[in-house]
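Quick notes on the structure that follows.
The values are calculated or read from the model by the stated rules, or taken from the named source; none is laboratory data. These numbers come from a predicted model, not from an experiment. Glycine also receives a Cβ, built like all others from the backbone with ideal geometry; neighbour counts cover every protein chain displayed.
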Amino acid sequence: MRILKESIKVKSFNYKEQNDYSWSMIIDLDRCNGCGACVVGCQAENNVATVGEEEVGRKRNMHWLRIERYIEGEYPDVKVRFLPMMCQHCASAPCESVCPVYATYHNPEGLNVQVYNRCIGTRFCGNNCPYSVRYFNWFDSSFPEPVNNQLNPDVSVRERGIMEKCSMCMQRIRRGKDTAKDEGREVKDGDIQPACAQTCPTGAITFGNINDHESKVYKMAHSGRAISLFEEKGTHPAVKYLKGGTNDVIG
Amino acid sequence: MDRRSFLKLSGVAASAGAVGACSRASQKVIPFVETPNDGANPVDGDWYATTCRECNAGCGIIVRTVNGRVKKIEGNAMHPVSRGKACARGQAAAQTVYHPERLTSPMLKGAGGFEAIGWDKAVDILSQRFTEAEGKLFFLNNGANDAASGIVSAIFGKMDGFVSAGNQEPGFETLRAGGKDLASFPRMPFPDLDHAQFAILFGADIFESGPSPVFWGGAFGECRRGRASVRGRLVYAGPRLSATAAVCDLWLPIPPGRLGVLTLSVAQVVVDIIITRKLASSIPRNALGRWSNALREYEPEKVAAQLEMMPEHIRKLALPFVDESPSVAIAGADVTGHANGVAALDAVEFLNMLSYEIGREKLRIHERLTPEPNDDLKRRIAGALGVDHEAQGFSRLADLVGGMEQGNFSMGIIHHTNPVFDTPSGLKFKEAMAKVGFTVAVSNFMDETAAEATLVLPDHHWLEAWSVQTPDFVPGVPVFNLQQPVIRPFFDTRSGADIILAAATAAKLKTPAATTEAFVKGTIKRFRAEMHGAPVYLDDNAFNRHLLRNGGWWPEQIETEAAPVPSGTVLWEYRDKLKAPEPEFDGAENPFYLHPFQTVHMGRGQGANSGWLQEAPDPITTLMWQFWVEMNPATAAKLGVVEGDMVKISSAHGSITAPVFPYKGIRPDVVAVPIGYGHTNYGKLANGRGENVMTLLGAKRDTVSGALAWRSQKVKVEKAEGRTKMLRNAHPEGEYKGEVFQL
Amino acid sequence: MNFSKLSPTARLLILFLTLAGMGGGAFAGIVYFGPIWLTTWAPAQPIKYSHKLHVETNKIPCQYCHTYARRSEISSVPSADRCANCHEYVKPDAPEIVKTMEYFNEDRPIEWVKVFDLPDHVWFNHKRHIAKDVPCQKCHGPVETMDVVSRTNEFPMGFCLSCHQENGAPTDCWTCHT
């Protein structure tokens, strides 16, 4: 047990100290209004396929980002809450250890990587993910002519039989670093925005480098409202949530 | 995927390999004929600024194009409406451009249905009809003052018998009419949610039915957590706990049509507090006394019973409205949806006026009682376009339908709107349309209205076309939006306005310009002459470049102070208006209130043919690809139905069947049905998905403004045969609750 | 195992399976290492353009035509107006030039056949490599000596990776695969 704990510690904090960047995402639950702009924005950016009514009925929809909805209480004291859920990019990710072909691993910048051309589709990672955020391609994705004209050239179209998931818009991170390199500087806070963060009307999603102690995400992650989901499982997610508040007007 | 192909193919005969490898040979590299010389980088992607036309909110957007194809839509960070954000419907437009069901050839209805004809023939037919019509024609669009409406007005506007009307989103007209009598000038209410500490939403489903869900989303974010020390608090009053209500701190399930009573009751308490605490010195004391007397009958004790609330709860609602100033009251769908809507809106505006007067000394909140600058601007732009600014109301539409029935028109042009589908069956638009000899539908898709038309003209997608536009709802600054093509037209379509211009020229009518693009440029010029606030330091070319680069023009400093607003006068004699009339209902003998509502994805039904939008889960039910009716679990139990059971909802006008979704956040006497489902002729993805709630509605109207009262219908609900599997988004419901929401 | 004890059918089956396995293996090798026989892939192009003439003889730098290489992910094939720029004056009567100008005058793009290609799951950025002064020939071979461009490199992953390792370039999977 002791050894296990040590290994988690090493794995989860090494990259933070040794690398310039450690990407993190903060989601303010007090701001999220469940409008689903991020869901469609993500789909547009990352060539995520739609599966159609029948396959949705088999729970095979592929949204990399979904909004979970909780209804609490009884009429008339009902509360509805929203929670955007995507790959948490765990520092010690349960999915990584079960992949037989190293198609999923942790990269030096703190992201959980899915390498499509390595994946052989065992689906072990999906089963081992406590957040259920890995999606399996049951079919070749359907982008018939002329719909394929919209496909983002920066992201590969996944074929049948492999796993896919949120990449924190790796193509945008890469482009952001590329631009910074051209200008001979480090990436500035706010330079890089994943599709969901860019489109979120209420500004609930913030993305940045948590190694930079001046960054918004660093400050928000240390604001006291920040929590990680399933903290007790020791996954050390890079995605953190800011708790919602309630202060009732009446009673 | 070479490795995977290997696994898949190793069992197959080797000869197939050669075929696979050879397929590489067919790949082509197709360069430009001429390099774009504006410093563009079309292979990595270029961003063009334009205006989203999925609804009339007028969000500024930027569009990423790669090699002449639309890839992604984002909000324009400089734009005061969108503030760099976009909604799901705006995002989905990137896919709609390449929709396989887009119309590509003009079609004329003959004996055997539609027949594809050439563009030349379409122009010929149209010009012949223009000559024969002699001005006896109508033009109907979605209520936008854009280039097409300007062109049509310029050609036909002066002819006797020409009528222009707008099939606007329900509710906007009432919003515009409300609060008019409070001040000495017309205005559209604009509550400043951004800077409010406390807000009461009177049935305002601002994230679903807008106007502009994106703008309101940003305002809500700022209000809630935009300031370091203040967490904005919101209360929602209305019969259904909508997605907007879900983010509020408290939900008050008020009976339908009684929000005016609640507003005046809160106002009564607020006025009393003002008098006893001697607040708001700017209000004449005698005015306060008169209001206090007029509001006596709305004391919490007297109205609590009909609101189904405790009197002290109303007082507790009024207290933070004074203490946590700045506070705002926002009216929305559940106010504008009833026949007493304008009266209730007057009350809400009265409450806002009180709030402003209370907070006036200490707060930087925008001028509460000023004419909406965009109302003025809209009139100016309407002037520059030469269109009838008042043409957008439901009254005008109802008059138009009356005229169609009486045979006043020999032809009509229906431009990007689908009234056969989205107007209430009580209006009988489809029947009236059949009485018009020749109807032209300008559309991107075959829809219910185009199917009824005689001639269908496939238009460019708005991402491929020129136009101008003004936001329907605006954040206190004048905004002039330019819509520019970001790609070359992908299909063989023509701009509908261009075809109308060509046909009018052939019919020897006077036309304002040769093309839409020329008309847009002319409009910009005329607008500049009209608009005093426009930057005079830029010459015409520089201003055009500014418009192209920014997707429109608005004052650079987005502060209310910068907006050119004349100060107005508050009419302190405002007293007779402090009334909340009894709501009237169509089919009052029926037991249930019908609550049609817009969802964040479907709009009025335009979103139904988009795979992205159909598969995006609804916020409240998380249903995908599916139609439903919401009712309280107690009601469902009484009817003997569970989730997925079909029920039949009927009124005097029609009936629909829908699967039940029991939802705790709705009053037991209300059934809620989403708008935008039940298409019969809108493509593969939309057809037959649910039923159209509009078939249940009569054309009941607001008693003051004449706007459609779209929530004043009562219905019967009974159990029907059959069951459906409800396609909810799968997630381990409830598992994270303890962690996330503990305080 | 004693083969002589097996029935003729079983022996035949084993023989067949062995052959099938070998065939499959060979096929796998082809798929994995690329179609080796195609490394001399030199398709006929719509215009008989000679890199040798332009680059070696006339000393025109690569990036005079492939303009986006230094500022974009894609190097880009020149648009026809780039050809017209010079050839309006240089040898306007040569038959291939006449053909090129026809394309330009008719506003028709020239559909070149792709010689070098990467699969969909590989992302490559020309700009970054040009900025590091990697010569074009390192990947594309001695194009300047060719009259007809032929594929000299199949870009197996090892080719990219060995260079990245030698030069300390990033070797994280997501550098190239998304």
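What tally of residues in the stretch A:62-84 results from selecting those that are without any contact (Cβ under 8 Å) to a residue 24 or more places away in the chain and in a loop (DSSP other than H, G, I, E, B)?
Of the residues in that region, 6 qualify.
Listed residues B:Arg102, B:Arg83; which is farther than 24 Å from B:Val520 by Cβ, more than 7 Å from every other protein chain (Cβ to nearest Cβ) and either in contact with an Asp or Glu (Cβ under 7 Å, 6 or more places away or on another chain) or among the basic types (Lys, Arg) (or both)? Please lay out each step first, then the result.
On the way: B:Arg102 fails: farther than 24 Å from B:Val520 by Cβ.
None of the others qualify; the one that does is B:Arg83.
State all residues of the stretch C:125-138 that are more than 8 Å from every other protein chain (Cβ to nearest Cβ) and surrounded by fewer than 16 Cβ atoms within 10 Å (Cβ to Cβ); if no residue qualifies, say none. Talk me through it step by step, then tell me what you get.
At the first step, the residues of the stretch C:125-138 found to be more than 8 Å from every other protein chain (Cβ to nearest Cβ) are C:126, C:129-130, C:132-138.
If the condition is that a residue be more than 8 Å from every other protein chain (Cβ to nearest Cβ) and surrounded by fewer than 16 Cβ atoms within 10 Å (Cβ to Cβ), then C:Lys132, C:Asp133, C:Val134, C:Pro135, C:Gln137, C:Lys138 are the ones that fit.
Step by step: first the residues of the stretch B:486-501, then only those that are among the aliphatic types (A, V, I, L, M) and closer than 21 Å to B:Val66 by Cα, then the one that is nearest to the other protein chains (Cβ to nearest Cβ). Which residue is that? Walk me through how you get there before you give the answer.
Initial filter on the stretch B:486-501 (among the aliphatic types (A, V, I, L, M)): B:486-487, B:497, B:499-501.
Narrowing further to those that are closer than 21 Å to B:Val66 by Cα: B:486-487.
Numbers: B:Val486: 13, B:Ile487: 9 Å.
So the residue we want is B:Ile487.
So which of B:Ser127, B:Ser82, B:Ser153 is buried (at least 18 other Cβ atoms within 10 Å of the Cβ), over 19 Å from the mean Cα position of the chain (by Cα) and over 16 Å from B:Leu455 (Cα atoms)?
Numbers: B:Ser127 fails: over 16 Å from B:Leu455 (Cα atoms); B:Ser82 fails: over 19 Å from the mean Cα position of the chain (by Cα).
Of B:Ser127, B:Ser82, B:Ser153, the one residue that is buried (at least 18 other Cβ atoms within 10 Å of the Cβ), over 19 Å from the mean Cα position of the chain (by Cα) and over 16 Å from B:Leu455 (Cα atoms) is B:Ser153.
Please tell me if C:Gln63 is at pLDDT 85 or above, more than 17 Å from C:Arg151 (Cα to Cα) and among the polar types (S, T, N, Q). Before the answer, list the steps.
Working: at pLDDT 85 or above: yes; more than 17 Å from C:Arg151 (Cα to Cα): yes; among the polar types (S, T, N, Q): yes.
Answer is yes for this residue.
Output the number of residues of the stretch B:41-53 satisfying the condition of being crowded, with 20+ Cβ neighbours inside 10 Å and modelled with pLDDT of 90 or more.
Residues meeting the conditions: 5.
What number of residues in the stretch B:494-524 are surrounded by 18 or more Cβ atoms within 10 Å (Cβ to Cβ), among the polar types (S, T, N, Q) and either in a helix (DSSP H, G or I) or not assigned by TED's automatic domain parsing to the domain that holds B:Ser153 (or both)?
2
Restricting to the stretch A:141-155, name every residue that is more than 23 Å from B:Val63 (Cβ to Cβ) and either within 11 Å of another protein chain (Cβ to nearest Cβ) or modelled with pLDDT of 90 or more (or both). Step through it out loud before you land on a result.
Let us first name the residues in the stretch A:141-155 that are more than 23 Å from B:Val63 (Cβ to Cβ), namely A:141-142.
Listed by number, the list holds a single entry, A:Ser142.
Yes/no per residue for (1) under 25 Å from A:Val113 (Cβ atoms); (2) modelled with pLDDT under 90; (3) surrounded by fewer than 17 Cβ atoms within 10 Å (Cβ to Cβ):
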| site | (1), (2), (3) |
| --- | --- |
| C:Asp107 | no, yes, yes |
| C:Leu118 | yes, yes, yes |
| C:Glu166 | yes, no, yes |
| C:Ala169 | yes, yes, yes |
| C:His177 | yes, yes, no |
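Please find, among A:Arg60, A:Arg158, the residue that is among the charged types (D, E, K, R), within 30 Å of B:Leu463 (Cβ to Cβ) and at the interface with chain B (Cβ under 10 Å from one of its Cβ atoms). Give the steps one after another, and end with the answer.
On the way: A:Arg60 fails: within 30 Å of B:Leu463 (Cβ to Cβ).
One residue alone meets the criteria, A:Arg158.
I need a count of the residues in the stretch B:223-247 that are more than 9 Å from chain A (Cβ to nearest Cβ), of a type in the set (A, V, I, L, M, F, W, C) and over 26 Å from B:Gln306 (Cβ atoms).
Matching residues across the stretch B:223-247 total 3.
Mind checking whether some residue in the stretch A:178-186 is over 21 Å from A:Cys95 (Cβ atoms), crowded, with 20+ Cβ neighbours inside 10 Å and either touching a residue at least 12 places away in the same chain (Cβ under 8 Å) or more than 9 Å from every other protein chain (Cβ to nearest Cβ) (or both)? It would help to see each step written out before you state the result.
Kept after step one, since they are over 21 Å from A:Cys95 (Cβ atoms), are these residues of the stretch A:178-186: A:178-186.
If we keep only those that are crowded, with 20+ Cβ neighbours inside 10 Å as well, we get none.
Looking through the stretch A:178-186, none of the residues is over 21 Å from A:Cys95 (Cβ atoms), crowded, with 20+ Cβ neighbours inside 10 Å and either touching a residue at least 12 places away in the same chain (Cβ under 8 Å) or more than 9 Å from every other protein chain (Cβ to nearest Cβ) (or both).
Suppose we filter the stretch B:637-670 for residues that are over 24 Å from B:Ala237 (Cβ atoms) and either outside any loop (DSSP other than H, G, I, E, B) or within 14 Å of chain A (Cβ to nearest Cβ) (or both); how many remain?
We begin by selecting, within the stretch B:637-670, every residue over 24 Å from B:Ala237 (Cβ atoms); these are B:637-660.
Checking which are either outside any loop (DSSP other than H, G, I, E, B) or within 14 Å of chain A (Cβ to nearest Cβ) (or both) leaves us with B:637-639, B:643-650, B:655-660.
Selection size over the stretch B:637-670: 17.
State the number of residues belonging to the stretch B:285-341 that are in a strand (DSSP E or B) and within 13 Å of chain A (Cβ to nearest Cβ). Please lay out each step first, then the result.
Initial filter on the stretch B:285-341 (in a strand (DSSP E or B)): B:327-331.
Right, trim to within 13 Å of chain A (Cβ to nearest Cβ) and you get B:327.
Looking only at that region, the number is 1.
Being touching a helix residue (DSSP H, G or I) at 6+ places or on another chain (Cβ under 6 Å) and free of Cβ contacts under 8 Å to residues at least 12 places away in the same chain is true for just one of B:Glu301, B:Glu297. Which residue is that? Give the derivation first.
On the way: B:Glu297 fails: touching a helix residue (DSSP H, G or I) at 6+ places or on another chain (Cβ under 6 Å).
Sole residue among the options that is touching a helix residue (DSSP H, G or I) at 6+ places or on another chain (Cβ under 6 Å) and free of Cβ contacts under 8 Å to residues at least 12 places away in the same chain: B:Glu301.
Please specify each residue of the stretch A:33-44 satisfying the condition of being within 16 Å of B:Ser610 (Cα to Cα) and within 7 Å of chain B (Cβ to nearest Cβ).
A:Gly36, A:Ala37, A:Val39, A:Val40, A:Gly41, A:Gln43, A:Ala44
Filter the stretch A:90-103 for residues that are more than 10 Å from chain C (Cβ to nearest Cβ) and either in contact with a strand residue (DSSP E or B) (Cβ under 9 Å, 6 or more places away or on another chain) or of a type in the set (A, V, I, L, M) (or both) and give the result. Lay out the reasoning, then the answer.
So in the stretch A:90-103, the residues more than 10 Å from chain C (Cβ to nearest Cβ) come out as A:90-101.
Of everything in the stretch A:90-103, those that are more than 10 Å from chain C (Cβ to nearest Cβ) and either in contact with a strand residue (DSSP E or B) (Cβ under 9 Å, 6 or more places away or on another chain) or of a type in the set (A, V, I, L, M) (or both) turn out to be A:Cys90, A:Ala91, A:Ser92, A:Ala93, A:Cys95, A:Glu96, A:Val98, A:Cys99, A:Val101.
Can we say B:Glu630 is assigned to a strand (DSSP E or B), of a type in the set (D, E, K, R) and either more than 28 Å from B:Glu589 (Cβ to Cβ) or within 24 Å of the chain's Cα centre (by Cα) (or both)? It would help to see each step written out before you state the result.
On the way: assigned to a strand (DSSP E or B): yes; of a type in the set (D, E, K, R): yes; either more than 28 Å from B:Glu589 (Cβ to Cβ) or within 24 Å of the chain's Cα centre (by Cα) (or both): yes.
It is true that B:Glu630 is assigned to a strand (DSSP E or B), of a type in the set (D, E, K, R) and either more than 28 Å from B:Glu589 (Cβ to Cβ) or within 24 Å of the chain's Cα centre (by Cα) (or both).
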